[in-house]
Every structure is written in C-alpha cells, then in structure tokens.
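This report refers to the structure that appears directly beneath it.
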Amino acid sequence: MRRRTLIGSLAASAVLPLPSILRAQQLFRLALTPVFLDNDAAVIERLRDALSAGMGRDIDLVQRRTYQEITGALLDGSVDAAWLCGYPFLQHRSQLSLLGVPVWRGQPRYQSYLIASAGDEAGSLGELRGGMHAFSDPDSNSGFLVTASDLARMGETPDSFFARTIFTWGHRNVVRAVAGSLVRSGSVDGYVWEALAAVEPDLVGRTRIVSRSEWLGFPPFAARTDRMGDADVTTLQRALLGMDGTPAGRKALDLLFLDRIAEPDVRLFDGIAARMAELG
C-alpha cells in the first residue's frame, strides 16, 4: 500500500512545478549494514518505527548484501544516510561525515573476535595456520581488516596463511560456518557474537573466542558531507541522538542490545585507521 501511494504521488507531481512538493513526498532512505539484524523483521520494524516517529515522516530502511553495495548507494545518492562500518567510512573519509555512533555496554566501541569451534584448542591466530577461515566481508573492519592486519604484522596474508578463505557476507553467517564445522576459524564482530549468544545460545555455544582485538570505534551512522546541511539529514541525526529518550526508540535500542546513539567523534576510528595503514 505504501509503495502504491508513493508511485501515485510521484505521478501526480509531474504536473506540479514545485520541486519542494515532490521532495516532501519522497521517503527518507537509510541503508543498513548487514550486521546481525539482517533478516530480523522485528528489529527492522522497531527501528523503522522509532526513526519515523523521531523524524515525523516515513522512512525506508534499505538492506543490501555487501558493505560495498551499501557504501556505493550512499555515495551515489541512492540512499540518504547509512549505518556503515568504520572501515568503509574511513576509505571514503573525504566524502562522508558522521551522524552518530552507537553505544554498546557503556562505550561507543567494540572488538573483533577470532573464533573457532568449541572443541578447538587453538590459543592464538598463529595456531590456526593451514586451516579454512571465514571472513564476513572484505570491507568489514571486524570481519576482515583486523585479522588481515594481524597477519600483515606476521609477514603473512590470508592467502598465504590459511589453506582457504571464504566470505560469508554476514557476521551471523561466520558464526554459523564455524559452528557447523564448515571452516576451522572465523573473524566476527564481537558485538554480533555477544548479541547472538543472547538470542541463539545453542548456535554460539558451538564456538569459542580464540582472541579479541583492541577496542575500536563502533560502526557509525553517516551521510555524505555535501548533504550535512540538508534539513532531512539534520532531522535524522536528531532522531538518532534522541532515541533513548522515547518509548519507541528505547524498544528499538533494547532489541539491538544498544544503550543509545552518541554524538559523533571521528577520533574513535583512529585504531581502524592505524590498521588500514599497516595493511597498506
């Protein structure tokens, strides 16, 4: 019904000379990085409801399979803002600006986890040499960059160190691949692993944490820098920062296992920048 209404509105606008009317009828489009909520209809709906209420207008939550697709949609204007990973944010730092950073367990940071099956006795990355390894996405900080830069410190690459690597295109899928013994080890977002431990304990219980990275900037919300003065982007930022103060926002944050959305601080991502430099 919403799609038919939108199409009808756009058709009617063809005879109206006022572009402001057309703009007011367009949905605000927020792209979501494929984190653990990808396919979780309840979480998506709660987040949409909270942000729509906060913005006072309809909002469309856009999902794509890869980080590259999400970043590309943001850069080419197909979406108005996005929940990104810190790695692609820094890759396009000159074109993107922060809107807010989620706070998880009291701080706007998270860790990358190196995981193996529950019965695997490996105690470090070095002890996983020669096995199969699952990465989440080549543009993921926790799901690729951290492990790749750790290997670079050892004078290795993923291809030289592991017998084979795969990309699962989702952190939940990394956990599934390790839990199901499709691979020996995996690189996963620690926030996702911990959230899954709460909602899918049997799955996560078949894996164990081999090592944790240092604390790094949590995946942020961002928009194109040239859109930062737009009223709708400013309204989204205000809605994000105020989510913890509304009933709908609190429900969405609880489902996401987040405390709130904090004011942006680009210095949170210095650790990711350092790892990017190490990887070259």
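What the Cβ-Cβ distance of ASP76 and GLN26 gives, at R0 = 25 Å and to the nearest 0.05, is a FRET efficiency of 0.95. Ratio of Rg to Rh for region 25-165: 1.04 [Cα atoms; Kirkwood radius as inverse mean 1/r over pairs]. Quick check for you: which residues of region 180-224 have the amide N under 14 Å from the point 7 Å beyond the Cα of GLU127 toward its beta carbon? From region 180-224, the list is 185, 208-212.
With both bridge residues required to lie in the chain, what share of the DSSP beta bridges run antiparallel, to the nearest 5%? Close to 60 percent.
Placing a label point 7 Å from the Cα of ILE166 along the Cα-to-Cβ line, the residues of region 94-119 whose backbone N sits under 20 Å from it are 113-119. Note on region 112-213: dipole from Cβ charges, positive end direction compared against ALA198, LEU151, THR165; the farthest Cα belongs to THR165.
Each semi-axis of the equivalent ellipsoid for region 112-213 is √(5λ) with λ an eigenvalue of the Cα gyration tensor; in descending order they amount to 20, 14, 12 Å. Note on LEU203 and ASP230: the extension gain reaches 5.4 nm, defined as 0.36 nm multiplied by sequence separation minus the Cα-Cα distance. Exposed loop sites, defined as GluC sites (Glu not before Pro) outside DSSP H, G, I, E and B with at most 11 other Cβ atoms within 10 Å, are absent from the longest region of the chain, namely 1-120.
Here region 112-213 carries DSSP beta bridges of which approximately 60% are antiparallel, counting only pairs with both residues inside. Taking the square roots of five times each eigenvalue of the Cα gyration tensor of region 154-280, the equivalent ellipsoid has semi-axes of 32, 22, 12 Å, listed largest first. Here the Karplus curve 6.51 cos²θ - 1.76 cosθ + 1.60, taken at θ = phi - 60°, turns the phi angles of region 179-195 into couplings of 4, x, 6, 6, 9, 7, 9, x, 10, 9, 5, x, 4, 5, 4, 5, 5 Hz, with x standing for Gly and Pro.
Seen through its C-alpha gyration tensor, with square-root eigenvalues sorted a ≥ b ≥ c, region 231-280 comes out prolate because a/c lies at 1.5 or above while a/b is bigger than b/c. Taking only C-alpha pairs under 8 Å that are 6+ residues apart, what is the relative contact order of the chain in percent? Contact order relative to length: 28 percent. For the chain, the per residue solvent-accessible surface stands at 44 Å², with DNA, RNA and ligands left out and a 1.4 Å probe.
Rounded to the nearest 500, the helix-only mean residue ellipticity at 222 nm of the chain stands at -11500 deg cm²/dmol, with each DSSP H run of n ≥ 4 adding -39,500 (n - 2.57).
Taking a ≥ b ≥ c as the square roots of the eigenvalues of the Cα gyration tensor, an a/c ratio of 1.5 or more together with a/b larger than b/c marks region 179-244 as prolate.
Fraction of C-alpha pairs exceeding 23 angstrom in the chain: 55 percent, rounded to a whole number.
The values are calculated or read from the model by the stated rules, or taken from the named source; none is laboratory data. Quantities reported herein were computed from a predicted structural model and do not represent experimental measurements. All Cβ positions, even for glycine, are placed from backbone atoms using ideal geometry, and neighbour counts span all protein chains on display. Each accessible area value is taken on the protein alone, full model and side chains, heavy atoms only, with ligands, DNA and RNA left out. Shrake-Rupley method; radii C 1.70, N 1.55, O 1.52, S 1.80 Å.
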